[in-house]
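To keep things clear, I will list the structure first and then write my remarks on it.
The values are calculated or read from the model by the stated rules, or taken from the named source; none is laboratory data. Quick caveat, the model's predicted, so the values are computed rather than measured. Glycine also receives a Cβ, built like all others from the backbone with ideal geometry; neighbour counts cover every protein chain displayed. Note: areas computed on protein heavy atoms with side chains; ligands, DNA, RNA excluded. Shrake-Rupley method; radii C 1.70, N 1.55, O 1.52, S 1.80 Å.
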Amino acid sequence: MGAIRTVLWWIFIFSIPFLLISGAVKVETQYLPFYQYQYEKNHISEITGFTNTQLMMITRHLIQFFNGKVKSAQLMIEKNGKPIYLFHEHEIVHLNDVKVLFKNTFLILIAASIYIFGYLILTMISGYKGKWFYFWKGLRNGSGLTIIILIILGIGVLIGFHSLFTRFHYLVFGDPQNSPWMLDPRTDHLIMMYPLKFWQDATVMGIALVVIAALIIVLISSMGMLGTRRRIRYYNK
């Protein structure tokens, strides 16, 4: 391959982990049954004092907020027979930071999707003889790279999820003095609803989904490489 073609191919490979991981984040944050299961599993209704119906209403509101359909994460809700504002000011600040994170994740998903689609179109119109072999090989390598990344992440989750979770927050949100992501489980509804066990299960589920998807792509792309090899050998006879 030429130098430009090689650079484009490597970008294609590295785009695949971004596509799969950001896509899983997008899907998982919108998947209501997962929230419902976690609320029941972690007895969130007993901890917060909200009914399961109220918890799901809050969840839908937060999803709408992250999707940009409502301006504020704040919500007035009834608790112990009295209307209250759901979140404290520092929780609102953190939710705004999380919204930016999800927005950037979605932008990564769009950018990776556009590049991969563009690379596919470029492959289709290219006159290079080995174009489909390298397309399938790049797809396989990118999916394999995704699996390696998530195996490393999975080991980190098994060794110490709390430490990993804390380091992630420092990396993404910075010092809690500037971005108040350290919340009080006694008073802050946000961490009552989404304790560490919730995020650990979400991470494990996300890893599993992406690894399964990547393995399927590895299988399909390997078959594509094999078929391309056979065609090249046939035409070279």
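Here MET76 sits with roughly 110 square angstrom of accessible surface, probe radius 1.4 Å.
Of LYS41/LYS79; LYS71/LYS103; LYS26/LYS197; LYS99/LYS197; LYS26/LYS129, which ones are farther than 25 Å apart at the Cα?
Values: LYS41/LYS79 21 Å; LYS71/LYS103 14 Å; LYS26/LYS197 20 Å; LYS99/LYS197 21 Å; LYS26/LYS129 37 Å.
From LYS41/LYS79; LYS71/LYS103; LYS26/LYS197; LYS99/LYS197; LYS26/LYS129, over 25 Å: LYS26/LYS129.
The modelled label-to-label distance for the pair SER163/LYS41, using points 7 Å beyond Cα in the direction of Cβ, is 2.4 nm. Quick one: angle between helix 196-236 and the longest Cα principal axis of the chain, in degrees between 0 and 90, rounded to 10, please. Roughly 10 degrees between the two axes. Percent of C-alpha pairs per 10 Å bin in the stretch 26-175, short distances first: 9, 24, 31, 20, 11, 5, 1, 0. For HIS94, the accessible area of its heavy atoms, probed at 1.4 Å with every protein chain present, is near 20 square angstrom.
Can you sort PHE65, PHE173 by 1.4 Å-probe accessible area, starting with the largest?
Values: PHE65 0, PHE173 30 Å².
Of PHE65, PHE173, the descending order of accessible area is PHE173, PHE65.
Can you figure out the FRET efficiency of VAL70 with PHE117, using R₀ = 35 Å and their beta-carbon distance, to the nearest 0.05? Show your work: numbers first, answer last.
Numbers: r = 31 Å, r/R0 = 0.89.
It comes to 0.65.
Set the Förster radius R0 to 25 Å, insert the Cβ-Cβ distance between ILE11 and MET124 as r into 1/(1 + (r/R0)^6), and round the FRET efficiency to 0.05. Result of the calculation: an efficiency of 0.90.
Surface exposure of the stretch 109-154, expressed per residue as accessible area with a 1.4 Å probe, stands at 55 Å². Across the chain, the mean sequence separation of Cα contacts (distance under 8 Å, 6 or more residues apart), normalised by length, yields a relative contact order of 31 percent.
Given a 1.4 Å probe and every protein chain left where it sits, what share in percent of the accessible area of the stretch 111-237 is carbon and sulfur? List each step's numbers first, then the result.
Working: 5490 of 7920 Å².
Exposed carbon and sulfur together represent 69 percent of the surface.
Have a look at GLY49, GLY138, GLY160 and tell me which one the Gaussian network model of the chain (Cα, springs below 10 Å) gives the largest fluctuation. Of GLY49, GLY138, GLY160, the most mobile in the Gaussian network model is GLY160.
Shown here for the stretch 160-214: trypsin sites (Lys or Arg not before Pro) in loop regions (DSSP other than H, G, I, E, B) with at most 16 other Cβ atoms within 10 Å, namely ARG186. One Cα centroid belongs to the stretch 104-132, the other to the stretch 5-68; the line between them spans 26 Å.
Below 8 Å between Cα atoms, with a sequence gap of 6+, how large is the relative contact order for the stretch 4-121 in percent? Intermediate results must be reported in sequence, preceding the final value.
Details: 76 pairs, mean separation 41.8, N = 118.
Value for the stretch 4-121: 35 percent.
The C-alpha atoms of the chain define a longest principal axis, and helix 89-125 lies at about 10 degrees to it. Sequence-ordered 3J(HN,Hα) estimates for the stretch 57-62 from the Karplus curve with 6.51, -1.76 and 1.60 and θ = phi - 60° stand at 5, 4, 4, 4, 5, 5 Hz, glycine and proline given as x.
Taken one residue at a time, the phi angles of the stretch 166-180 give Karplus couplings (6.51, -1.76, 1.60, θ = phi - 60°) of 5, 5, 4, 5, 5, 5, 8, 9, x, 5, x, 5, 9, 10, x Hz. Gly and Pro are set to x.
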